[in-house]
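Notes to accompany the following structure.
The values are calculated or read from the model by the stated rules, or taken from the named source; none is laboratory data. Here the structure is a predicted model, which means the values were calculated and not measured. Cβ coordinates were reconstructed from backbone atoms using ideal geometry, including for glycine residues, and neighbour counts include every protein chain displayed.
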Amino acid sequence: MSTPNPTESLDSERERTRTGLSKAALKQDFLDNLFYIQGRFREVATPHDLYMAAAFTTRDRLLKHWVESAQVFKTSHARTVCYLSAEYLLGPHLACNLVNLGITEAAREAGEELGLDLDAILEEEEEPGLGNGGLGRLAACFMESLSTCRIPAIGYGIRYEFGIFDQAIEDGWQVEKTDNWLRNGNPWEIPRPKIRFSVGYGGYTESYRDDTGRSRVCWRPAQVINGMAYDTPILGYGTANANLLRLWKAEAPTSFDFQAFNTGDYYGAVYANIQAETISKVLYPNDEPEAGKELRLKQQYFFVSCSMQDMIRLHLNTVGPLESFADKFVAQLNDTHPALAVAELMRLLLDEHVMSWEQSWDITHRTFCYTNHTLLPEALETWSVSLFERLLPRHLEIVYEINRRFLDEVRMRFLGDEARVWRMSLIAEGGERRIRMANLAVVGSRAVNGVAELHSELVKATLFKDFAELWPERFHNVTNGVTPRRFMVVANPRLAQLITKTCGHDDWILDLERVRELEAHVDDAGLLEDWRAVKRAAKQDLATWMQQAAGVRLDPESLFDVQAKRFHEYKRQHLKVLHIIRCYQRIKQGQSQDLVPRAFIFGGKAAPGYFMAKLIIKLINAVGEVVNNDPQVNGWIRVAFMPDFNVKNGQRLYPAADLSEQISLAGKEASGTGNMKFSMNGALTIGTLDGANVEIREAVGAENFFLFGMTAEEALQRQMSGYRPWEFYQSDAELKSDIDLINSGLFSHGDTQLFRPLTDNLVNHDPFMVLADYRAYLDCQKTVSETYRDTPRWTRMSILNVARIGRFSSDRAIREYAEHIWKVTPKRIEPAHHSQS
Ligand code: OAK
């Protein structure tokens, strides 16, 4: 028998308090962190101190898994997914990390023993809103699922100092406030001062001959800045696997430009410093490209260059020669924002690692895969050749060469078809020459996918038709998903408990298909009653919050009819407004027999420069002001606008919704993910056959889904045969009277012009065919009301929506990517034995 080593036992003792999962260990570590990191003791700690101590206590436990994962991935040379995304809409970390560590209850009890309320601590967290909407939130769900599915991964992006603006509503208008999320410190990130890369801009290129006499190019940038890594651990659920989110912050390469300093230009030198830092300062608050915004192009190149250099560094440090780069890494382009990575990897291999064009292209092309997230023409990124040339002269040469070789291939395949060559070129000619980033992404990737079945078909049939004819095998579909940990377990603990109780296990959290076991109980009176009680309690919670945040009283007995998403005309929030106005008029005219009491609830931000979207927000609030203050109608209907819809507030909304509005014009919404979040919280959907609605309806059953409106094909047909919204306006008396009521000034204190841009646009242009779908929508809403009156039927439908939603877990999406696109297998991290003590 060996004698115990006193140092060893001290070490494991320390490890137990620092990383142990028991209540006692959490309590001790929390107090230590409060003392040693925040410099406080319990009696004088502010709520923010308490949150920080709780976050550090949680982070200690994450780090343990993370460091162990990193060690295993490094030594085993595990194939790794690099997710490249300009946006990560992460939402608050603490609650999700507690769930994934399996210590929510222990933390709650530890808190209670210290006289602290865990929920109050959770409320303190300021969420990192480093994204605009669907695309950024998907990236965040995918990071969590990658860890849960045990796939080695690194998420690369930008550490914006200011994320998406905070939205306030003033006089019914959206007002943007800066999101200063780093103000009080970010306990989840670990700065990595040693992981820094230089990124160049501008300048010129030079040709020279290398030792072997081969012609080579050297880029001499005019400006060089640094990118420094900040790492956030992302732990999976029920696993010891943790991955890494690596975000880059821009900084000046040295604190002074000494040359400028020596010549006395002190301010010039400091100014250069400040300029460098602007690159990662702020997220562009638009889900469409910023035409001609130089800083945006700089941002994209900045994070892509740092990420590619980091991947090469990792490869050289672990595996070795770059020939095997594409075996070690697969890089997923989250839309075209990181598509410059194709040119950057080529540059690094060609110019810095002196490889041949053929070998560089072979590696590059085998490394990248690309996901398209929109078909809207205005959202397709292009950069003017002149701006591109000024900022990235070497990359322009590379893009030209990729294009020259690619177009030769097209010409060989389609002899004499110059129109096709013109369409497929990476450069749009005619007018100002522009680089088509989507074409660069397709040419540079070995796999391309859309995000829902319909969308992926439309990608092949419309946007990338020529490419799908050339390379049919390159095109895939992976329908989006969302993480049930955040959007069920954390957002809706009552529902999660009821599901667990009914199914007799909580395995559904990891294998969402298993919620299907609820179906066996769908006729249990007890379950129906409990289900209703859970929904009712969530509605009460939301009502309480809305009263305080928006000053609107909501009746939890009424139907909560919710539309929460970015404001965009194609999403048709104004179609819902027309429905509200119709209900209002019916009640005023004494025709309320078909109605049920409803709360119309909206949430979402508009891009600050998107006038029409902001006007729709104003209209909602204007209608709300009239409706909510009219005693003749406000017992029937209420209108509420949730200010600052973000991840945290979304978590209040999804559990409370009875009805989820997914009413975009068919063919326009690539997938939607809010539709999944609502449905997995028991809301029924009213929706068009658009994006993932199609598959949700198939999954939950047509009889449990309120379908209306034209199909994508019908919409296209109508558009092509000359859509005249005016005819709908003229021929449907109710529609006419709803629009006329807006124009009458009733909702604008007599101002008959305020909403004219909106109503005129609807009547004369209506690009998203609101008027064509109006009647079908109203009819369908009538069915909704009738169904809601039959409470047991509605509840049954709600249960079936949840029971059949399993396919829409982001774990399923990640497994599909892993198997069909990335060709990567899970790597299990064995938890070290003492971690459970
Ligand atoms: C943002 C900027 C450029 C291109 C697309 C987007 C975007 O957010 N698209 C959204 O992506 C989501 C995730 O795939 C989809 O669910 C939404 O339908 C789509 O609009």
Only unsatisfied item for GLY136, checking (1) of a type outside the set (A, V, I, L, M); (2) touching a residue at least 60 places away in the same chain (Cβ under 8 Å); (3) within 15 Å of the ligand (Cβ to nearest atom), is (2)
Has region 88-95 got any residue that is crowded, with 21+ Cβ neighbours inside 10 Å, more than 25 Å from THR19 (Cα to Cα) and under 25 Å from the mean Cα position of the chain (by Cα)?
-> yes
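Looking only at residues in region 686-702 that are away from the ligand (no atom under 13 Å from the Cβ) and in contact (Cβ under 8 Å) with a residue 40 or more places away in the chain, which one is surrounded by the most Cβ atoms within 10 Å (Cβ to Cβ)? Quick ask: steps written out before the conclusion?
We begin by selecting, within region 686-702, every residue away from the ligand (no atom under 13 Å from the Cβ); these are 686, 689, 697-702.
Okay, now just the ones that are also in contact (Cβ under 8 Å) with a residue 40 or more places away in the chain, so 686, 689, 699-701.
On the way: ILE686: 25, LEU689: 19, ALA699: 20, VAL700: 21, GLY701: 12.
Ranking the qualifying residues of region 686-702, first place goes to ILE686.
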Taking region 377-398 and the residues there that are within 26 Å of SER664 (Cβ to Cβ) and at pLDDT 95 or above, the one that is nearest to the ligand (Cβ to nearest atom) would be GLU381
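Can you pull out every residue in region 199-213 that is in a loop (DSSP other than H, G, I, E, B) and modelled with pLDDT under 95? Walk me through how you get there before you give the answer.
Initial filter on region 199-213 (in a loop (DSSP other than H, G, I, E, B)): 202-203, 210-213.
Hits for region 199-213 are ASP210, ASP211, THR212, GLY213.
How many residues are β-branched (Val, Ile, Thr), within 16 Å of the ligand (Cβ to nearest atom) and not in a loop (DSSP other than H, G, I, E, B) when one looks only at region 305-340?
In the first step, residues of region 305-340 are kept if they are β-branched (Val, Ile, Thr); the result is 312, 318-319, 330, 336.
Those left that are additionally within 16 Å of the ligand (Cβ to nearest atom): 336.
Subset that is not in a loop (DSSP other than H, G, I, E, B): none.
Count: 0.
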Pick from region 341-376, criterion in a loop (DSSP other than H, G, I, E, B) and crowded, with 18+ Cβ neighbours inside 10 Å, ranking: farthest from the ligand (Cβ to nearest atom) = MET355
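Suppose the filter is away from the ligand (no atom under 16 Å from the Cβ), assigned to a strand (DSSP E or B), in contact with a helix residue (DSSP H, G or I) (Cβ under 8 Å, 6 or more places away or on another chain) and β-branched (Val, Ile, Thr); does VAL626 pass it?
Working: away from the ligand (no atom under 16 Å from the Cβ): yes; assigned to a strand (DSSP E or B): no; in contact with a helix residue (DSSP H, G or I) (Cβ under 8 Å, 6 or more places away or on another chain): yes; β-branched (Val, Ile, Thr): yes.
Against the criterion (away from the ligand (no atom under 16 Å from the Cβ), assigned to a strand (DSSP E or B), in contact with a helix residue (DSSP H, G or I) (Cβ under 8 Å, 6 or more places away or on another chain) and β-branched (Val, Ile, Thr)), VAL626 does not qualify.
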State all residues of region 283-303 that are within 16 Å of the ligand (Cβ to nearest atom) and among the hydrophobic types (A, V, I, L, M, F, W, C); if no residue qualifies, say none.
-> LEU283, ALA291, LEU297, PHE303
If we keep only residues of region 618-639 that are more than 14 Å from HIS579 (Cβ to Cβ) and among the small types (Gly, Ala, Ser), then the residue surrounded by the fewest Cβ atoms within 10 Å (Cβ to Cβ) is GLY635
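Name the one entry in ARG192, ARG216, ARG196 that is of a type outside the set (A, V, I, L, M), closer than 24 Å to VAL385 by Cα and in a strand (DSSP E or B). Step through it out loud before you land on a result.
On the way: ARG192 fails: closer than 24 Å to VAL385 by Cα; ARG196 fails: closer than 24 Å to VAL385 by Cα.
The conditions single out ARG216.
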For region 643-676, which residues satisfy the criterion of being in a helix (DSSP H, G or I), within 11 Å of the ligand (Cβ to nearest atom) and of a type outside the set (A, V, I, L, M)?
-> GLY674, ASN675
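Out of all the residues in region 141-157, which are within 15 Å of ALA86 (Cβ to Cβ) and within 11 Å of the ligand (Cβ to nearest atom)? Spell out the reasoning first.
Quick first cut of region 141-157, residues within 15 Å of ALA86 (Cβ to Cβ) only: 142-143, 155-157.
Passing the criteria: only PHE142.
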Search result, residues across region 603-617 that are in contact with a helix residue (DSSP H, G or I) (Cβ under 7 Å, 6 or more places away or on another chain) and either touching a residue at least 60 places away in the same chain (Cβ under 8 Å) or within 20 Å of ARG582 (Cβ to Cβ) (or both) | ALA606, ALA607, MET612, LEU615, ILE616
Could you grab me the full set of residues in region 113-149 that are in contact with a Ser or Thr (Cβ under 6 Å, 6 or more places away or on another chain) and surrounded by fewer than 24 Cβ atoms within 10 Å (Cβ to Cβ)?
-> none
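Residues are listed down the side, and each one gets a yes or a no for (1) surrounded by fewer than 20 Cβ atoms within 10 Å (Cβ to Cβ); (2) touching a residue at least 24 places away in the same chain (Cβ under 8 Å); (3) out of contact with any helix residue (DSSP H, G or I) (no Cβ under 7 Å at 6 or more places or on another chain):
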| position | (1), (2), (3) |
| --- | --- |
| TYR774 | no, yes, no |
| SER785 | yes, yes, yes |
| ILE814 | no, yes, no |
| TYR817 | no, yes, yes |
